[in-house]
């Protein structure tokens, strides 16, 4: 019943959204007489805040139109390199730019859209040919397409690696570190020639027994039946994916907010004060962040439940019991692919040591082809976006790819 209640709430808020939209414009538009009443800027700011709270947030665009390559500004456009039922593989094309290392960025399928990695992609485009997994919202995928399992995720990653060839470098951010490691392990075990040159793993739950966070503890201490009963819903009939079982994005968003409610309240109050003070730059920065943060997608129920069980409850990968499509996953079989793991000292989603655990599992990779970075004073999102990512973390990723490319 949660999904219908959520839709009812959205419908209930729609008149308030329209009122907020009207009020924000009426008190700020210079052609409106209300813009000249006393304290009109405060009324406009209040209505703008109400609008931000009540509006729906759709899938954002990457919006990367150009980047600087070798001190030269070059245009960028997107093209679909592969289109699967649950994912598109996007390529960012830079006309006239050739012979750059090929990078596959595997985005999380965990509630937010791939555009959450916009800063990751924009920064990497200066030195690399970049592809990214653009996961589709499960509520828009017809029920007739069928389910999507953890095994399917691994198969998608393997297919994309084979498509891009053995000179590709794979970067996985957060949740996909586990299926990516599984995919590369199986390619190595099969003797597949299409193995990536490097794999960079950023803030992922390889072994959540190390420095468990609140997220890990929450997932571990509830039976799968609890998740089945409390968070799995069927998509309402108004959407293309009607009747598909999903973990709704709005529940994932609620969990994100519940981790730091005070921070979000303070951020919205600061947004109001920035508007009142006429600080458009700070207000725009708030909008950009929450346009992305509030845009969420539904996850296929099968994939979500299997991930909770295998990764957070059974610790199947580090325990040596993970099977994909009936085949045992053995990271020790990886020998050709270099490994770089990155963690944030202040990461409250994937604790310190969880991603580094990949080094112990990948015992077949020589020490000279391994690297680990613990980024000081960096939280989860700071690993792949923001100033410290651009100035401290990315240069090391770029150099690692060059060294082993």
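Before moving on, here are some points about what is shown:
- In the set (1) under 20 Å from the mean Cα position of the chain (by Cα); (2) crowded, with 16+ Cβ neighbours inside 10 Å; (3) not in a loop (DSSP other than H, G, I, E, B), the condition left unmet by residue 207 is number (3).
- Criterion (in the same structural domain as residue 153 (by TED's automatic domain parsing) and without any contact (Cβ under 8 Å) to a residue 24 or more places away in the chain) met by exactly one of 324, 392: 392
- Under the condition of being in contact with a strand residue (DSSP E or B) (Cβ under 6 Å, 6 or more places away or on another chain), part of a helix (DSSP H, G or I) and in contact (Cβ under 8 Å) with a residue 24 or more places away in the chain, the residues counted in region 354-365 number 1.
- When residue 67 is tested against (1) without any contact (Cβ under 8 Å) to a residue 12 or more places away in the chain; (2) within 25 Å of residue 201 (Cα to Cα); (3) outside any loop (DSSP other than H, G, I, E, B), exactly one condition is not met: (1).
- Test for residue 351: is it over 15 Å from residue 172 (Cβ atoms), crowded, with 19+ Cβ neighbours inside 10 Å and touching a residue at least 24 places away in the same chain (Cβ under 8 Å): yes
- Screening the candidates 107, 138, 114, 70 for the property of being surrounded by 22 or more Cβ atoms within 10 Å (Cβ to Cβ), closer than 26 Å to residue 403 by Cα and either outside the structural domain of residue 14 (by TED's automatic domain parsing) or over 19 Å from the mean Cα position of the chain (by Cα) (or both) yields one hit, 107.
- Filtered residues of region 371-390 (kept if surrounded by fewer than 16 Cβ atoms within 10 Å (Cβ to Cβ) and touching a strand residue (DSSP E or B) at 6+ places or on another chain (Cβ under 9 Å)): 372, 374, 376, 377
- Exactly one residue out of 71, 42, 59 is in contact with a helix residue (DSSP H, G or I) (Cβ under 8 Å, 6 or more places away or on another chain), over 25 Å from residue 9 (Cα atoms) and modelled with pLDDT under 95: that is 42.
- Considering 190, 158, the condition of being surrounded by fewer than 22 Cβ atoms within 10 Å (Cβ to Cβ) and closer than 30 Å to residue 374 by Cα is satisfied by 158 alone.
- Some residue of region 345-353 being modelled with pLDDT of 95 or more and assigned to a helix (DSSP H, G or I): no
- Of all the residues in region 83-101, those that are loosely packed, with under 15 Cβ neighbours inside 10 Å and part of a loop (DSSP other than H, G, I, E, B) number 5.
- Screening region 366-389 for residues that are touching a residue at least 60 places away in the same chain (Cβ under 8 Å) and in contact with a helix residue (DSSP H, G or I) (Cβ under 9 Å, 6 or more places away or on another chain) and picking the one that is farthest from residue 119 (Cα to Cα) gives 383.
- Candidates 314, 306 - the one that is out of contact with any helix residue (DSSP H, G or I) (no Cβ under 9 Å at 6 or more places or on another chain) and in the same structural domain as residue 151 (by TED's automatic domain parsing): 314
- On the stretch given as region 161-178, residues that are surrounded by 23 or more Cβ atoms within 10 Å (Cβ to Cβ) and either free of Cβ contacts under 8 Å to residues at least 60 places away in the same chain or out of contact with any helix residue (DSSP H, G or I) (no Cβ under 8 Å at 6 or more places or on another chain) (or both) total 2.
The values are calculated or read from the model by the stated rules, or taken from the named source; none is laboratory data. Note that the structure is predicted; figures quoted are calculated from it, not measured. Backbone-built Cβ (ideal geometry, glycine too); neighbour counts: all protein chains shown.
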